[in-house]
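Colleague: I'd like to ask some things about the structure below.
Derivation of every value follows stated rules applied to the coordinates shown; laboratory data play no part. If you're wondering where the values come from, they're calculated on a predicted model, not measured in any experiment. Because the Cβ atoms are built from the backbone with ideal geometry, glycine has one as well, and the counts that use them run over all protein chains shown.
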Amino acid sequence: MFLNDLMMIFLGILILVIGVLIGVAFLTLMERKVLGYIQVRKGPNKLGIMGILQPFSDAIKLFTKEQIYPKFSNYLSYYFSPILSFILSLIIWLLIPYSFNMINFSLGLLFFFCCTSVGVYTVMVAGWSSNSNYSLLGGLRGVAQTISYEVSLALIMMSSMIFIMDFNLLKFFEYQNLVWFFFLMIPLSLCWMSSSLAETNRTPFDFAEGESELVSGFNVEYSSGGFALIFMAEYSSILFMSMLFSLMYMGGYNLNMIFYLKLCLISFLFIWVRGTLPRYRYDKLMYLSWKSYLSVSLNFLLFYLGMKIFLL
């Protein structure tokens, strides 16, 4: 019986990983299409119907290209940091509160912070081990940015945790039957949205990959499979952040089509922001985190804590 349970858990995780990978593939296609229409052009439209096979073509091209290693790079860390980054971005998906997958994280939110904190090291190691000045600068900027915004993310999440008084993501659904948390904490949810943009290194906070000043940032020396893994890890974390936003602020996790539509809508928002907003100046990015979001999230945390104590 125990072996059967393990097999079922393994099968559930395998289906989840395959689903995430297909989701990542079509998210890249959606991004290229949406950016195309924003810039008044078509985007990919040759392969398959309306370019629907383009992501798979890109994946085959990237993984069959020759892997090039810089001569003076630190080979092992250079090779393994994209792999570790990709594995971390997939492990974090175990948090999805499936009631039928026999995995129930009672400390799910802590697990989320552990995984995102370790994810910082992969950016740093990728930038350092390439042994290039541009990639090192990109890595350092990415690390400083991610660490800064993790503080505000943690404090914003603590306000939501005070509402449910638990670390379990399943509880969010139970507490949002009557009203979404989005309406109870509009400023905080918007702060969370922009902090998750910074956490996933997306425009207008994409300083780790600042193309205009750092060639391509921390991944400048990566090509073929290594670049593809970094790329997939980024898009997987975008999907996860979208899922987490709809779970925490837009009604919790219930197994129906509306939840996935909300997830797609927030993913679309990530792309829309990229097509619309220019990149921030680096000092303004840090100012926003430490002077604005930190003070706002701390004040709201004290406010919700006082409200909870008063209502109890």
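Colleague: If I build a Gaussian network model for the chain, linking alpha-carbon pairs within less than 10 angstrom, which residue out of Thr203, Thr122, Thr276 has the largest mean-square fluctuation?
Modeller: Thr276
Colleague: Next up: Which log10 I(q)/I(0) values, to two decimals, does the chain give at q = 0.09, 0.13, 0.14 Å⁻¹ under the Debye formula with one point per Cα?
Modeller: The calculated log intensity ratios at q = 0.09, 0.13, 0.14 Å⁻¹ are -0.48, -1.02, -1.18.
Colleague: Give the residue from Gly252, Ile22, Tyr69 lying farthest towards the positive end of the charge dipole for the chain; charges sit on Cβ (+1 for Lys and Arg, -1 for Asp and Glu) and the dipole is referred to the Cα centre.
Modeller: Selected residue: Ile22.
Colleague: If you don't mind, another one. Need one number: nm distance between label points at Phe80 and Leu3, each 7 Å from Cα along Cα→Cβ, rounded to one decimal.
Modeller: The answer from the label model is 3.3 nm.
Colleague: What do you get for the angle between helix 224-249 and the principal long axis of the chain? Use alpha-carbon atoms, 0 to 90 degrees, nearest ten.
Modeller: Compared with the principal axis, the helix lies near 20 degrees.
Colleague: Tally Lys/Arg at +1 and Asp/Glu at -1 over every other residue whose Cβ is under 11 Å from the Cβ of Gly43; what's the total? If you can, show how the numbers build up before the last one.
Modeller: On the way: positive: Arg32, Lys33, Arg41, Lys42, Lys46; negative: Glu31.
Its environment carries a net charge of +4.
Colleague: Pairing the Cα long axis of helix 294-311 with the longest principal axis of the chain, what angle in degrees results, from 0 to 90 and rounded to the nearest 10?
Modeller: Relative to the chain, helix 294-311 is tipped by roughly 30 degrees.
Colleague: On a 0 to 90 degree scale, rounded to 10, what angle separates helix 186-199 from the longest Cα axis of the chain?
Modeller: 30 degrees
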